[in-house]
Amino acid sequence: MNNVRPESMARITTTELANAFIDEQVKEVREQVGDKKVLLALSGGVDSSVVAALLIKAIGKQLVCVHVNHGLMRKGESEAVIEVFRNQLDANLIYVDATDRFLGLLEGVSEPEKKRKIIGGEFIKVFDEEASKLEGISFLAQGTIYPDILESDGVKAHHNVGGLPEDMQFELVEPIKLLYKDEVRVVGKALGLPASMVDRQPFPGPGLGVRCLGAITRDRLHALREADAILREEFDLAGLNLKVWQYFIAVPDVKSVGVKNDKRYEGWPAIIRAVNTTDAMSATIDEIPYELLHKITARITAEVEGINRVLYDLTPKPVGTIEWE
Ligand code: XMP
């Protein structure tokens, strides 16, 4: 399979088309791989999850998935990867909790691009170490999709933390590289992946690392993760998860004075970002009902240690980028 999508290839919009694609890929992967082993970095994002599910169907335990938890995941996401892939799909999954390594390296680092470099570089190191412990791996699977190929001169290449070292001596297996994102989701559903995984929002490779603004500390990262979980829960309940393209919390390294239980309470602000876009190049701000904003504010300030204010970012892109860093 080369890197150009044939014009005759129909857009995969239905389960039938997805199943036909899956059958064809299962056959191709089996032919390519034979009885050899394949390694996959499974982040839990849509693309790597769909590749994992497809390869489990094609070659079962010949696939070895490695999930690196860099300590910057959203609440419950590493647990979800383990639940779906190890417990439900019976995958060969290696789980590496590298939280201390990443947070140790990031200590005191406040410059955003430096943070990204550290996270990306360390990710490769951890993955490499795990790979070198394994015997007989011949192939590396990747969740490359068609826009990655089309934009390979551009933004995503330097954005993607999942990027792996060039000198890795593996042949690539890239079963979804001719698919657009919407097709990947249809295929994922046909493979039986849960909607929560297939309809997941885009999540930057450096994860909460670029939302815990400035130098990351464990207490502020914890507050961010908890506040973000409340936001997601409330958006789910209100059905906004289906309407808003990307939403999250950012917590700056700034404290203000507040009052809680009749006492002075210094805390960080939690900033809500909720944007709509088609390509992430520009973005608009959704109208979130005030009632819901009040509810989220009340919950976050009551439930999250260290947060004493909640703000809503009304800035479209441009001028503001989607992420704060
Ligand atoms: P910005 O902030 O540039 O974001 O408006 C556009 C989209 O890209 C995502 N993003 C990243 N994705 N690594 C990634 O994999 C990154 O370092 C990164 N920075 C931003 C962002 O979440 C949004 O969807």
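The values are calculated or read from the model by the stated rules, or taken from the named source; none is laboratory data. This structure is a prediction, so every number in the text was calculated from the model and none was measured. Note that we place each Cβ from the backbone using ideal geometry, even for glycine, and neighbour counts take in every protein chain shown. The protein model used for the area step is the full one, side chains on, heavy atoms only, and it has no ligands, DNA or RNA in it. Shrake-Rupley method; radii C 1.70, N 1.55, O 1.52, S 1.80 Å.
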Scan around LEU63 for amide H atoms under 5 Å from its own, H built in the peptide plane at 1.01 Å from N, and keep only partners 5 or more places away or cross-chain. VAL38
Determine, from the Cβ-Cβ distance of TYR265 and LEU242 and an R0 of 35 Å, the FRET efficiency 1/(1 + (r/R0)^6), rounded to the nearest 0.05. 0.45
Mind giving me the FRET efficiency for ALA215 and ASP90? R0 is 41 Å, r the Cβ-Cβ distance, nearest 0.05 is fine. 0.50
Give me the 1.4 Å probe accessible area per residue for the chain, excluding ligands and nucleic acids, in Å². 49
Need one number: nm distance between label points at SER152 and GLU24, each 7 Å from Cα along Cα→Cβ, rounded to one decimal. 2.0
Could you sort SER138, SER8 by their accessible area in this structure, using a 1.4 Å probe and putting the largest first? SER8, SER138
If the limit is 28 Å between Cα atoms, which of LYS260/LYS295; LYS255/LYS317; LYS115/LYS260; LYS243/LYS317; LYS263/LYS317 go over it? LYS115/LYS260; LYS263/LYS317
Along region 134-147, Karplus-curve 3J(HN,Hα) (6.51, -1.76, 1.60; θ = phi - 60°) to the nearest Hz, with x for Gly and Pro, reads 8, 9, x, 8, 10, 10, 10, 8, 9, x, 4, 10, 4, x
Students often check this: by mean Cβ neighbours within 10 Å, which of 273-282, 220-229 ranks highest, and how do the rest follow? 220-229, 273-282
Amide H neighbours of ILE307 at under 5 Å, excluding residues fewer than 5 places away on the same chain, with H built from the backbone geometry, are TRP268
How much length, in nm to one decimal, is gained on full extension between ASP35 and LYS125, taken as 0.36 nm per residue of separation minus their Cα-Cα distance? 29.7 nm
Using a 1.4 angstrom probe and counting only protein chains, how large is the accessible area of THR284 in Å², to 10? 80
Would you rank ARG264, ARG74 by solvent-accessible area, highest first, keeping every protein chain in place and using a 1.4 Å probe? ARG264, ARG74
For LYS255 and VAL109 in one chain, what is 0.36 nm times their gap in residues minus the Cα-Cα distance, to one decimal in nm? 50.7 nm
LYS177 accessible area, assembled protein chains, probe 1.4 Å, Å²: 20
Candidate span helices, the chain: DSSP H, at least 15 Å along axis from Cα coords, Kyte-Doolittle average at least 0.0, result 46-59
Calculate for the chain the 222 nm mean residue ellipticity that helices alone would give, adding -39,500 (n - 2.57) per DSSP H run of length 4 or more and normalising by residue count, nearest 500 deg cm²/dmol. -12000 deg cm²/dmol
Residue separation between ARG11 and PHE170 times 0.36 nm, minus their alpha-carbon distance, gives in nm 54.2 nm
For ARG11, ARG185, give the ranking by accessible area with the largest first, probe 1.4 Å. ARG11, ARG185
Expressed in angstrom and rounded, the centroid-to-centroid distance over alpha carbons for region 173-229 and region 27-93 is 15
About its Cα centre, what dipole magnitude does region 15-198 give when the only charges are +1 on Lys and Arg Cβ and -1 on Asp and Glu Cβ, stated in debye to the nearest 20? 340
Excluding ligands and nucleic acids, what accessible area in Å² is computed for ILE94 using a 1.4 Å probe, to the nearest 10? 40
How many nm separate the modelled label positions at HIS294 and ARG101, each set 7 Å beyond the Cα in the direction of the Cβ? 4.9
